[in-house]
Amino acid sequence: MFGFRTRNVRSGSADISPAGSGRSAVMETLEGRTLLSATTTADGTFWAGFGGDAQHSGISPQISQALQKIHWHTQVDRTPNLVQSQLFIHYGSPVITARNTVIVPVKLGTDGGFRVVAFDGATGKWKWGITSDYQLPPHGAVPSFSPSLGADGRLYIPGPGGTVYVVKHPDANGIGAGDRSAFYGLSHYVSNRAAYNASVFIDTPITADKAGNVFFGYQVTGDNPLQLQSGVARISTSGIGNYAGVAAATGDFTADKVPQNSAPALSKDGKILYVAANHTNRIGVAGIRSHSYLLALDSTTLKLINKVMLTDPTGGDAQVPDVSTASPTVGPDGDVYFGVLESSPSSNHGRGWLLHFSGNLKQTKTPGLFGWDDTASVVPASMVPSYHGTSKYLLLSKYNNYADNGGSGINKLAILDPNSEQMDPLTGACVMKEVETIAGITPDPHWLPDHPGAVKEWCVNTIAVDPASDSVLVNSEDGVLYRWNLGTNTFSEKIRLTAGVTEAYTPTAIGADGTVFAIQDGVLFAVGRK
């Protein structure tokens, strides 16, 4: 998202374009390894929302199809709003059920107005559409509108005033809006809709746990009958809500909300909820410098377990800007990873840092070199044959090196070892050891010849991981979707989606039949085999 000054011509029609059928086998084998299709699982979710699951691991239990053909595509933005020829809008992740219904959040207006549309994942056939009356909080870049699926198969859609719509059977055809819940009590909302709609806003993607309880950050901008303050909310499967203000949780009145776009994450056992807290303005009330925090909360009561004030490895206050979509990632061992922007963008070429903590947030561990607008994905160590270390899992991170912030312009992807170190030559900090890196392949003429080797940016904020093929699926601002094969450290497949566009970072996902989904230029593309 940094560094570009021009924008290529938009791609053509984004109407639904059904294509051939996708993979539907219950069991598939690749190189001697067998995976069960998500259609055999007991729950109703496959790709639950941002990052795929409540830990934001990005891992798909299904083998991805070959990147050979665009099966279908649909607009996720009916009225793209260009700022200096750049598309700085955060789009919500597709949500995919175990029966391969693909649920797509769509922006309708220039600065808001949203609809949720469901399609058959294999064919792109329309199933249903629901227009939400959700309203955006005050913002700079348009934040994401991000529904989520619970493990019980119910769909949760953001509504106005901090309310959530619950759709019980999202695989059905022609359904309408579901029941509504409010974390502070539906009766309070019903008695004074206008006041709550004007002052209380869901400002993060929704995250659901295995039982179907949902969590999200909310932002309060004015007076309301209950005197709610910005914080984090939980709504149980029975529709009962509770909430906690971030100012009280941090003990810092300058921390006034959960950052926009930053999805809450849950520990593997579901007992701990991880959320960030930031501030509307960099300088707080009365000129007091504001801080940002990562919080560990009891996932049932939302009582504080522990907190950590976020600093970068150089010792400065780390920033968690609302224009970022960095969200906590929880590793299989319980460690927590969270991307921040450095205290001074010039100190690390605007790349930020991937901070690393123990699950109770009491121990700060080795950081990664990039994190400002990235949610790390989890890569089983077995996916990287060249790796001979001791870590059971590795991390996948975008590794851009922004030319307009003093970097080389050689934008990469990286596999990192969270438990081994190397020295960062720029800052001298000890950072996660690079296991494999790979640079983009499309030259960026804007930065040439002053920055030899400069290439187009990777434009993903969470990357889909396919353990069965030792590969990951990643989107670039050159308009191409790539498969990075970690066994050969090559781009083994690629397919052009658009002519390329300067845009905010977007997610990739893998469907229940192995279809690969990527967003380019305000369009969601479904890609698979011929």
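The values are calculated or read from the model by the stated rules, or taken from the named source; none is laboratory data. From a predicted model like this one, the values you see are computed outputs, not experimental measurements. Note that each Cβ is placed from the backbone with ideal geometry, even for glycine, and that neighbours are counted across all protein chains shown. Quick note on the areas: whole protein, heavy atoms, side chains included, nothing else; ligands and nucleic acids left out. Shrake-Rupley method; radii C 1.70, N 1.55, O 1.52, S 1.80 Å.
Across region 58-65, computed HN-Hα scalar couplings (Karplus, 6.51 cos²θ - 1.76 cosθ + 1.60, θ = phi - 60°) run x, 7, 9, x, 10, 5, 7, 6 Hz from first to last residue, x flagging Gly and Pro. Derived scalar couplings between HN and Hα for region 124-140 equal x, 5, 5, 10, 6, x, 10, 8, 8, 8, 3, 10, 6, x, x, 7, x Hz in order, rounded to whole Hz, by the Karplus curve 6.51 cos²θ - 1.76 cosθ + 1.60 (θ = phi - 60°), x for Gly and Pro. Seen from every direction in turn and averaged, the convex hull around the alpha carbons of region 177-280 projects onto 6.8 nm². Along its first, second and third principal axes, ordered by size, region 406-492 spans 39, 35, 23 Å in Cα coordinates. Between region 73-117 and region 177-238, the C-alpha centres lie 22 angstrom from each other.
Peptide packing for 200-211, 250-261 was compared via the average number of neighbouring C-beta atoms within 10 Å per residue; ordered from the highest value, the list is 200-211, 250-261. Cα convex hull, the chain: 132 Å³ per residue, rounded to a whole number. In straight-distance terms, cross-link reach from LYS69 covers every one of the aspartates and glutamates whose alpha-carbon lies under 15 Å from its own, apart from those fewer than eight places away in the same chain; here that gives GLU493, ASP513.
When Rg and the Kirkwood radius Rh are both evaluated on Cα atoms of region 298-452, their ratio Rg/Rh stands at 0.98.
Could you please report the charge total around MET423, scoring K, R as +1 and D, E as -1 over all other residues with beta-carbon less than 15 angstrom from its beta-carbon? Spell out each step's value before the answer.
Details: positive: LYS433; negative: ASP417, GLU421, ASP424, GLU434.
Computed value for this residue: -3.
Between region 138-156 and region 332-373, the alpha-carbon centres lie 24 Å apart. For region 215-332, the Kirkwood hydrodynamic radius from C-alpha pairs, put into Stokes-Einstein at 37 °C and a viscosity of 0.692 mPa s, yields a diffusion coefficient of 224 µm² per second. Compared with the alpha-carbon gap, the fully stretched path from ALA499 to MET423 is longer by 23.6 nm at 0.36 nm per residue. The magnitude of the dipole of region 161-262, with charges of +1 and -1 set on the Cβ of Lys/Arg and Asp/Glu and taken from the Cα centre, is near 220 debye. The mean sequence distance of close C-alpha pairs (under 8 Å, at least 6 residues apart), as a share of the length of region 382-472, puts its relative contact order at 26 percent.
Listed by chain and number, the lysines whose alpha-carbon sits under 24 Å from that of LYS365, ignoring those within fewer than 8 places in the same chain, are LYS268, LYS271, LYS307, LYS392, LYS398, LYS412, LYS433.
Roughly how big is region 360-498's charge dipole about its Cα centre, with Cβ charges of +1 (Lys, Arg) and -1 (Asp, Glu), in debye to the nearest 20? Could you put the intermediate results ahead of the total?
Numbers: 10 positive and 16 negative charges, 75 e Å.
Computed charge dipole of region 360-498: roughly 360 debye.
Backbone phi angles across region 221-232, fed through the Karplus curve with coefficients 6.51, -1.76 and 1.60 (θ = phi - 60°), yield HN-Hα couplings of 10, x, 5, 8, x, 8, 6, 4, 10, 4, x, 10 Hz in residue order; Gly and Pro are listed as x.
For the chain, the mean residue ellipticity at 222 nm estimated from helices alone is -1000 deg cm²/dmol, where every DSSP H run of n ≥ 4 contributes -39500 (n - 2.57) and the total is divided by all residues, rounded to the nearest 500. Close amide-amide hydrogen proximity is noted between ASN400 and LYS412, each under 5 Å apart and 5 or more residues distant or on a separate chain (H modeled in the peptide plane; Pro and chain starts excluded). Using 0.36 nm per residue and subtracting the Cα-Cα separation, the extra length available between ASP298 and ASP111 on full extension is 63.8 nm.
Calculate, for the chain, the solvent-accessible area per residue in square angstrom, rolling a 1.4 angstrom probe over the heavy atoms of the protein chains.
34
Shown for the chain: the carbon plus sulfur share of the solvent-accessible area, taken with all protein chains present and a 1.4 angstrom probe, equals 53%. Residues whose amide H lies under 5 Å from that of ILE305, counting only those 5 or more places away or on a different chain, are ALA296, LEU297, ASP298; hydrogens are built 1.01 Å from N in the peptide plane. Across the chain, the mean sequence separation of Cα contacts (distance under 8 Å, 6 or more residues apart), normalised by length, yields a relative contact order of 17 percent.
When you count the other C-beta atoms within 10 angstrom of each residue and take the mean per peptide, 505-518, 439-452 line up highest first as 505-518, 439-452. Placing +1 on each Lys and Arg Cβ and -1 on each Asp and Glu Cβ, with no other charges, gives the chain a dipole about its Cα centre of roughly 860 debye.
Backbone amide hydrogens, once placed in the peptide plane, bring ILE59 within less than 5 Å of VAL378, VAL465, excluding anything fewer than 5 places away on its chain.
First measure r as the distance between the Cβ atoms of ILE441 and ARG99, then evaluate 1/(1 + (r/R0)^6) with R0 = 25 Å and state the FRET efficiency to the nearest 0.05.
0.10
Using C-alpha pairs under 8 Å with a sequence gap of at least 6, the mean separation divided by the residue count of region 79-142 gives a relative contact order of 26 percent. Rg/Rh for region 446-485 (Cα atoms only, Rh after Kirkwood) is 1.11.
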